[in-house]
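Working notes, structure below.
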Amino acid sequence: MKWLVLIHILTAIIGVGPTFFGHVLVRKNQSVGDLKQSLKLSKMLEFFPKIGGSIAVLTGLLLVILYDYTFSSFWIYASLILYVLIQVVVIGIVAPQTKKLNAWSSQTSLSDSEALPAETASILKKSETFYTVASAMGVLLFALMILKPVLG
């Protein structure tokens, strides 16, 4: 069981962790060149939630099935809901904004040292807000994983 818990926690951190970098990547007051670099890094980070998050869900389900956890425990439901909500925010809201930014950055004629236009800066601000929401949910998710013996 200890190995399964270890794998579960590590993959959860790997899966949700990149969400916390979103604030750095979508920061305000970037130049065109900064945004292009941020978008490249963001693309590289997408790999970790896909693999880590999937393994975390599978190992979490195995822990419930194989050991004395039950789906009647509050922290399990809360953790699953938070995980799904994080995915909805990042994949359903932030990812489409990132696609717009990628399309803009590949078509812009602005030099890398120029400031971003207002519309592009607005998309960044919206993304930053949603990354803040996802990060807050991530903190709650990790808190539930740590405090589960007390809560459940």
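The values are calculated or read from the model by the stated rules, or taken from the named source; none is laboratory data. The shown structure was predicted, so the numbers you read here are calculated from the model rather than taken from an experiment. Methodologically, a virtual Cβ is constructed for each residue, glycine included, from the backbone with ideal geometry; neighbour enumeration extends over all protein chains shown.
Some points to look at:
- Unmet requirement for PHE48, which otherwise passes all of (1) within 15 Å of the chain's Cα centre (by Cα); (2) more than 22 Å from LEU82 (Cβ to Cβ): (2)
- Residues satisfying the stated conditions in region 103-113, i.e. in a helix (DSSP H, G or I) and either farther than 24 Å from GLY92 by Cα or without any contact (Cβ under 8 Å) to a residue 40 or more places away in the chain (or both): ALA103, TRP104, SER106, GLN107
- Selection count where residues are on the phi < 0 side of the Ramachandran plot and in a loop (DSSP other than H, G, I, E, B), scope region 21-37: 4
- Flag: ALA143 does not match the condition of being of a type in the set (A, V, I, L, M), part of a helix (DSSP H, G or I), at pLDDT 90 or above and surrounded by 13 or more Cβ atoms within 10 Å (Cβ to Cβ).
- Residue in region 120-138 that is surrounded by the most Cβ atoms within 10 Å (Cβ to Cβ), counting only those that are of a type in the set (Gly, Ala, Ser) and in contact with a Phe, Trp or Tyr (Cβ under 8 Å, 6 or more places away or on another chain): GLY138
- Checking each residue in region 35-87 for being over 26 Å from THR129 (Cβ atoms), loosely packed, with under 14 Cβ neighbours inside 10 Å and of a type in the set (Val, Ile, Thr) picks out ILE51, ILE65, THR70.
- Among residues of region 114-142 that are under 14 Å from PHE21 (Cβ atoms), those with a Cβ under 6 angstrom from a residue that is hydroxyl-bearing (Ser, Thr, Tyr), sequence gap 6+ or separate chain, pair up as ALA134/THR19; SER135/THR19; GLY138/THR19.
- Residue that is nearest to LYS40 (Cα to Cα) [pool: residues in region 98-111 that are surrounded by fewer than 17 Cβ atoms within 10 Å (Cβ to Cβ) and not aliphatic (A, V, I, L, M)]: ASN102
- Some residue of region 76-94 being more than 30 Å from ILE7 (Cα to Cα), in contact (Cβ under 8 Å) with a residue 24 or more places away in the chain, not small (Gly, Ala, Ser) and not in a loop (DSSP other than H, G, I, E, B): no
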